1. Beyond 17 Å, how much of the Cα-Cα pair distribution for region 92-192 remains, as a whole percent?
2. At R0 = 41 Å, how high is the FRET efficiency between Leu367 and Val123 if r is their beta carbon distance? Nearest 0.05 is fine.
3. May I ask for the equivalent-ellipsoid semi-axes of region 113-154, computed as the square root of five times each C-alpha gyration tensor eigenvalue and listed largest first in whole Å?
4. Applying the Karplus parametrisation 6.51 cos²θ - 1.76 cosθ + 1.60 with θ = phi - 60° to the phi angles of region 353-361, what ³J(HN,Hα) value in whole Hz is obtained for each residue in order, glycine and proline being reported as x?
5. Evaluate E = 1/(1 + (r/R0)^6) for Thr334 and Asn83, where r is the Cβ-Cβ distance and R0 equals 51 Å; express this FRET efficiency to the nearest 0.05.
6. Tell me the relative contact order for the chain as a rounded percent, counting alpha carbon contacts under 8 Å between residues six or more apart.
7. Residues with beta-carbon under 11 Å from that of Gly49, excluding Gly49: net charge, scoring Lys, Arg +1 and Asp, Glu -1?
8. Return the label of the correct value of Rg and Dmax of the Cα atoms in Å, as calculated from the structure shown, out of [x] 21.4, 66; [y] 21.8, 81; [z] 20.2, 66.
Amino acid sequence: MSSKKYFAVVVGLGLVALSACGSSDDGGSKSEPKTVTLVSHNSWAVSKGVLAAFEKQSGYKVKVLEDGDAGQAVNKAILTKDNPQGDVFFGVDNTLLSRALDNGLFQSYEAKGAGTIKSGYRVDGDKVTPIDTGDICLNYDKAWFSEHRLQPPTSYDDLIKPAYKNLLVTENASTSSPGLGFLLGTAAKYGDGGTSRSSEAESGGGWEAYWTKLKANGVKVVDGWEQAYNEEFSGSAGGKKAKADRPLVVSYASSPPAEVIYADPKPSTAPTGVVDGTCFRQVEYAGLLSNAKNSEGGKALIDFLLTKKFQEDMPLNMFVYPVVEGAAVPAEFTKYGPAAKDPETMDPAKIADNRDDWVKSWTSLVLK
């Protein structure tokens, strides 16, 4: 899922992030390397004990190469697919999946445990394995809205009202997974033009008309999630330190519990909230890279990502939800960051057909 590095840093996992390389050999023979390399976006995180258990059981040492936000990481993996940086790629999501598949990024592998994946998250074919899910949603700074005696927005339509002028920061849709998810959410909501699902119909004319109004209302665009959330958003711990002045940010439904869990002292309630009417459902996948030098190690690692041990460890490290049947969800998620009730979704085929054109149009409309 896209970049939530602040939380991964706080966890202090001590994982090794490597510089880009084409070799996964770590002392084993060339025909049987004992290191398996995972390439991911920069919010990969796992508890040291859980990873150590996999290494002991499998005999492989895991090295991790974090390669920026999800969009950047996927693009780089495509460019290096003939001499890949690692063996497994984790973190391509439903907004970018067709780009990876169309460029032949992965080879076929059906993971052990694939049958335990909840039916709503399974995909056709065996090129990728669903690993986690979450919701890209607008977050708001509770204290700011209370102090300014302004009700937080409840919908996309609210964001173009004068009361919310110059309050929102979002990520670049061409480089950031949550930024792209937010764009796709507006496309799912308002369509390509002419018709709007909005009951208020304040932004009729499709997503481009909506973004024209959002730009006029002072939306700020930055490169990625880390900058948006930790430097520009006034409600986050990082934003408070940076004296940020934007009380609305595109982030995740799971961000409020993270603000509670990592606070010292812990507040009784989350300092941030979620605008449930602005959510877009995201699913992240892992795949065995084409031309992987250690394909057997890569298969073992993908199998591990579907085990209950990893799936139940994942929520409080990467702040996403498990996708396998029976995996427990932390109480903090239920209390502070429940999944969106009715998130926007979009058929992967529609994303594949329109994503690149929409991003080009968005870039021309919003950034120029």
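1. 66 percent
2. Approximately 0.80, to the nearest 0.05.
3. Calculated on Cα positions only, the semi-axes equal 41, 9, 8 Å.
4. Values, residue by residue: 6, 10, 3, 4, 5, 5, 5, 4, 5 Hz.
5. Values: r = 45 Å, r/R0 = 0.88.
Plugging the Cβ-Cβ distance into 1/(1 + (r/R0)^6) gives 0.70.
6. With pairs under 8 Å counted, the relative contact order is 25 percent.
7. Result for the local shell: +1.
8. After the calculation, the listed value that fits is [z].
The values are calculated or read from the model by the stated rules, or taken from the named source; none is laboratory data. Note that the structure is a prediction, hence the values are computed from the model and not measured. Here Cβ is always computed from backbone atoms with ideal geometry, including for glycine, and neighbour counts include all displayed protein chains. The protein model used for the area step is the full one, side chains on, heavy atoms only, and it has no ligands, DNA or RNA in it. Shrake-Rupley method; radii C 1.70, N 1.55, O 1.52, S 1.80 Å.
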